[in-house]
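Presented below is the structure to which this report refers.
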Amino acid sequence: MYIKGVGMTKFGISGKFSQMLAYEATLEALNDADINFKDIDAVVCSSLEWFFSIEKQRHFAALLASVFKTHKPIIRVPAACAGGGAALWVAQQLGYDNVLVVGVEKLMTCKSESITDEFMMAAESKWEQVEGLNFPGQNALVAQQYLEKYKKTTTEHLALISFKNHSNALLNPKARFYGRKVTLEEIKNSPIICSPLRLYDCSISVDGAAACVVTNEKTDIKIIGSDLCAEYLPTWEREDSLRWEGTIISSKNAFNQAGVEPSDIDVAEIHDAFTIVELIAYEDLGFCKKGEAYKKIEEGYFNLDGKMPVNTSGGLKAKGHPVSATGLAQIYEIVKQLRGEAKDRQVSKAKIGLAHNIGGAGGTVTCHILKKICG
Amino acid sequence: MAKIIRWICEKCNKKWIYPISRCLYCNGEIKKQIGMKIKVIGFTRIHIPCPPHPIVPYNVLLLEDEYGNRMPKKTIKDYNIGDTYEDIPSKEENAIAITKIKYDVYEAVKEALELIGDIEVDRTNKILIKPNLSIPGYPYLGIGTHPEVMRGLLRYLIERGANPKNITIAEQSFFFPFDKAIAKSRINQIVKEFGVNLVDLSKTEFIEKKEREFVFRVSKIVYDFDLIFNVPVIKTDMLLGIDGAFENLTRFLSKENFNEFVRDIKKAIGALAVLPNILPRFITIGDGTIGMQGNGPAEHGEPGFYNMIFAARNPVVHDKIVQEVLCLRRLPYVELAGKLGIGEYEVSKIKVIGNELDAVRRDIKQPIGSKLIKKD
Amino acid sequence: MKRYVKGVGMTKFSVESRTTQDMAIEAISLALDDSNLNINDIEAVVVSTVDTKVNTERQRHYPAVLSSLLKRKMPIIRVPAVCGGGGAAFWTALRLKYNNILVIGVDNVLAGPTPIITKEIMNAGENLWEQEEGLNFPGQNALVAQQHMLKYGTTHDDLALISYKNHLHGSMNPKARFYGKKVTLEEIKKAPIIASPFNLYDCSISVNGAAAVVVSRDKTDIKVIGSALATDYLPPFERPDITTWQSSVEAGKKAFKEAGVEPSDIDVAEIHDAFTIVELISYEDLGFCKKGEGGKLVRDGYVNLDGKMPVNTSGGLKARGHPISPTGVAQIVEIVDQLRDRCGDRQVNNPKIGLTQNIGGAGGTATVHIFRKIAG
């Protein structure tokens, strides 16, 4: 299938309820696609139910029916942080001509202790949550294992990834950290959250929504690869906690469908809920061998002016991470890059892009490959 | 004076129960449709409770207005099908209005003020608005007066003829820098948007006022205004029970004066109770858009999500009803103020308009470990 | 789109406290046995479960939990839609590009005191317009029932007959909550009022349970000939006619058209009866009778076990139980069992075409599926 249009709200602290954020993103996407809502055949949305929020909304599909004034089929496909990617994966298989995919999340409605508790529920209940292993903790254990095994990689490399993403967000008007410069010193000296991860290794919670219109009709952006794979919930139950099979399987299938190699990718949006996740993904996606990501980071391979820019939008770290909307915000960025509409952060001659979305600590992974069709 | 709101597209006439910006189908302009001739077309009496609605049995009416728009409404009183549903406004001292917010804070503030008899303003009135911005915090946490309530109140006043140049927002913070509080709460944006004045009370001159055995040092500027709005944010508080109408007045005093009183609990209760007597008359608008529950702002309290606006001409009436709605133990300074005749304290003599008291009572996280509140 | 049902399985719906993993494994094993497949033959899984605060599971990333449980790394997605989750998950599974897809619904609802469960289910209504006004789930449907009675003369006795029919069927279903428990019409009419005009026996009962179905492209004896999903505005009061649930109407029309059959061709049906009025309105919305004549259909005995089209031979949500997400899948289990002649005492005579209808919330989402028995 093809992508007609994309839209997203500015990520940040918003006073609006989530249905209004979804409405705003949809208006922009429909405008970009030059299509009226009448011509949409179905809607796939993604959003989570929160316990401590002001929203108290469980039946989001019907709420969207009220907001869009429609009776068309609407389903909700949540998947922790991979909701956006999962919704797009489902939307392509429904068999309709024009499908609206929208992801929305409103996180900033309670104090940060409550938000930490909410995120913790994506971990295993009796084995991890009761032992105090919250979301940063899960990833911190993986980070420590990685740094122990591959001694050439250090926290310096993690800080470089964070710095890269912040430098990119400086140029993205939709990002949370737009216009707010952050130096490498600040990143390296920020307080420890869950050792060895510091404040600037962790992505930032925001409110936001993103939408896109997928269609059977030929447009300039074709989805040439799309796959989803679920994995064991706790990282320590997997055979090798440093190889996230969800990424390996879904990206292998996506590359096969697309008929391309990792070296053909011009620009990528890689899930960086924590800097270590982005680093491990470089290897699992096939951009470098296991344990050797540090070489490419030092070369600047993934920088904006490097061989294959990654997270030109600022990534989850600096653009913001509204859980279910992230996957679609990644699609937004790739489409803008392929269409030459990314302004200050444009990658030259981008033809093939990849969007990689992870749920929880690797429990669900989606991989989408988009190609610019000329003429 | 109950209202049913809809947002409708002028071109294609589709109706929404949410405030959207543009029509999704025809890009038309959106305008508000408010129905005020309301009839009861159905009702159900519910016998099973849940924490936000603990008092059973209660009724939920199905109301319909002259445009055919409907909405449900909770009451304890019984109604029959075909009855007219309306609220009668009252200008009396012992009246308090409680309105619920339906995605439009301006409408809720407007209705609350109309239910206590409307406010008359003109270009010459000098208006003072006192929000609670003592602790810096983002609006979504409910720590300070919500900018939407300020926006709604300013719109209401300016539409009725007030001159923005004659409106002043004044506040001070005893423990935090004033600029930080103003910026984080987004009030500075409001000041710019409406072109009103902003004053840091800690930089004003304080004059001495005596009441009974207490010596107060109160900001001089309070006496320059002829219309004053006290706009506290409804928070539970470990020390005082609630941060309501009375607590918000403490920041009219100088910091040293305030510190004298808090050292001695008995003195604090006595002083707080008579504080309204040394100030000119004011109207209290309680900001319950989000508010706080639990141990209050300083000790890990959390947002309350009350979704209500209170409005009263008397602070004793306001704080007493807030205490009843949140099912808290009695507040000694409010009870004392009632005994001294500053306002009506008996619930049976207070007129609650807009929503019934038993219909809005709710089960919230109580403030525990309070030093001031004795067990009943 | 040619899809067939290979096998089905469900746990007994009960008040027993079991983890969702435990119940899921039981239902999945039964379904795999019935399909004559191994877990390694399954290519994708669609799970439906709600994320409630009341049970202590706190498991927000259910697809990964299932991956751990089934020891498989394949596509697993979650499609919740409150009470309509089972139907929505099945609808989605029919459209995925894989073969041998497992559809599982599992929920652990009965894990706390009733007021807390009431509040959890209340969150399926509109936040500021309904929940703040105390309109819990029985209340929403009660207002609809009252309007139907006023408009069409339906009486509470008609609703009692529906409840009696479902209890009669449920007492014969070993997997039902009320298996072996007979209930008389007198008991039903004299039960205490929950939300007028509903009494205890008009409301479906919350239970824990799981149900699973394997859907495939390989030809079997049960073909899915019609499948549709439609939505409607979340709050019933916003719809032009409260007593017509447009989501059912549209889903029904689409499904019948795709199947190439009429309502009169249906031999047995499972119709959503979260409250007795919902079943009655569904008769009208799906086209089994004219608008307003649902009561007459019941009084004529058309939908009884010995009538022209038996409805809810499993006991329905009322007597079999309503564990929220598994309900939609359990309805499919019953229809497949009926078409395969495995229903013992409640077997309908030689049915060829069966229908399931699953509704989410108060009509927000509706799915209709039609199944045909292929001979030979």
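Structure above, values below:
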read-out	value
Among the candidates B:66, B:107, B:114, residue that is touching a residue at least 12 places away in the same chain (Cβ under 8 Å) and part of a loop (DSSP other than H, G, I, E, B)	B:66
Subset tally (residues that are crowded, with 24+ Cβ neighbours inside 10 Å and within 9 Å of chain A (Cβ to nearest Cβ)) for segment C:90-100	2
In segment C:259-268, the residues that are among the hydrophobic types (A, V, I, L, M, F, W, C) and part of a loop (DSSP other than H, G, I, E, B)	C:261, C:266
Residue check, residue A:210 away from chain C (no Cβ under 12 Å), under 30 Å from residue A:339 (Cα atoms) and in contact with a Leu (Cβ under 8 Å, 6 or more places away or on another chain)	yes
Residue match in segment A:330-343 (condition: within 14 Å of another protein chain (Cβ to nearest Cβ) and in contact with a strand residue (DSSP E or B) (Cβ under 9 Å, 6 or more places away or on another chain))	no
Count of residues meeting criterion [surrounded by fewer than 23 Cβ atoms within 10 Å (Cβ to Cβ) and outside any helix (DSSP H, G or I)] in segment C:269-302	9
Residue in segment A:8-30 that is of a type in the set (Asp, Glu) and more than 23 Å from the chain's Cα centre (by Cα) present	no
Residue in segment B:86-95 that is crowded, with 20+ Cβ neighbours inside 10 Å, over 23 Å from residue A:64 (Cα atoms), more than 8 Å from chain C (Cβ to nearest Cβ) and under 23 Å from the mean Cα position of the chain (by Cα) present	yes
Test: residue in segment B:103-114 that is touching a helix residue (DSSP H, G or I) at 6+ places or on another chain (Cβ under 7 Å) and of a type in the set (Phe, Trp, Tyr)	yes
Helices (runs of 4 or more DSSP H) within segment A:63-159 that include 2 or more residues surrounded by fewer than 23 Cβ atoms within 10 Å (Cβ to Cβ) and more than 10 Å from every other protein chain (Cβ to nearest Cβ)	A:112-120, A:135-149
Test: residue in segment B:23-45 that is out of contact with any helix residue (DSSP H, G or I) (no Cβ under 7 Å at 6 or more places or on another chain), within 14 Å of chain C (Cβ to nearest Cβ), in a loop (DSSP other than H, G, I, E, B) and not hydrophobic (A, V, I, L, M, F, W, C)	no
Neighbours by Cβ (under 7 Å, 6+ apart or cross-chain): first from segment C:87-100, within 10 Å of residue C:46 (Cα to Cα); second part of a helix (DSSP H, G or I)	C:90/C:328; C:90/C:329; C:90/C:332; C:92/A:90
Lone qualifier among B:237, B:243 - being modelled with pLDDT under 95, under 13 Å from the mean Cα position of the chain (by Cα) and crowded, with 19+ Cβ neighbours inside 10 Å	B:243
Matching option when the condition is under 21 Å from residue C:90 (Cα atoms), modelled with pLDDT of 95 or more, out of contact with any Gly (no Cβ under 9 Å at 6 or more places or on another chain) and more than 12 Å from every other protein chain (Cβ to nearest Cβ), among C:257, C:219, C:223	C:223
Qualifying residue in segment A:222-233 (condition: of a type in the set (Val, Ile, Thr), out of contact with any Pro (no Cβ under 8 Å at 6 or more places or on another chain) and part of a loop (DSSP other than H, G, I, E, B))	no
Sole exception among (1) modelled with pLDDT of 95 or more; (2) part of a strand (DSSP E or B) for residue B:317, by number	(2)
Subset tally (residues that are under 17 Å from residue B:312 (Cβ atoms), out of contact with any Pro (no Cβ under 9 Å at 6 or more places or on another chain) and surrounded by fewer than 20 Cβ atoms within 10 Å (Cβ to Cβ)) for segment B:102-126	1
Which numbered condition residue C:251 misses (of (1) under 20 Å from the mean Cα position of the chain (by Cα); (2) more than 13 Å from residue A:73 (Cα to Cα))	(2)
Residue check, residue C:168 surrounded by fewer than 24 Cβ atoms within 10 Å (Cβ to Cβ), among the aliphatic types (A, V, I, L, M) and without any contact (Cβ under 8 Å) to a residue 24 or more places away in the chain	no
Qualifying residue in segment C:187-201 (condition: in contact (Cβ under 8 Å) with a residue 60 or more places away in the chain and either within 14 Å of chain B (Cβ to nearest Cβ) or crowded, with 22+ Cβ neighbours inside 10 Å (or both))	yes
Residue A:203 vs. criteria within 25 Å of residue A:345 (Cβ to Cβ) and hydroxyl-bearing (Ser, Thr, Tyr)	yes
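To keep it simple, each residue is scored yes or no on (1) in contact with a Cys (Cβ under 9 Å, 6 or more places away or on another chain); (2) assigned to a loop (DSSP other than H, G, I, E, B); (3) more than 14 Å from every other protein chain (Cβ to nearest Cβ).
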| residue | (1), (2), (3) |
| --- | --- |
| B:128 | no, no, yes |
| B:137 | no, yes, no |
| B:140 | yes, no, no |
| B:144 | no, yes, no |
| B:165 | no, no, yes |
| B:168 | no, no, yes |
| B:175 | no, yes, yes |
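Yes or no, residue by residue, for (1) of a type outside the set (A, V, I, L, M); (2) under 19 Å from the mean Cα position of the chain (by Cα); (3) closer than 23 Å to residue B:94 by Cβ:
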{"residue": "B:260", "(1), (2), (3)": "yes, no, no"}
{"residue": "B:273", "(1), (2), (3)": "no, no, yes"}
{"residue": "B:288", "(1), (2), (3)": "yes, yes, yes"}
{"residue": "B:293", "(1), (2), (3)": "yes, yes, no"}
{"residue": "B:327", "(1), (2), (3)": "yes, yes, yes"}
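The values are calculated or read from the model by the stated rules, or taken from the named source; none is laboratory data. None of the values given here were measured: they were computed from a predicted structure. So basically every Cβ, Gly included, is an ideal-geometry build from the backbone, and we count neighbours across all protein chains shown.
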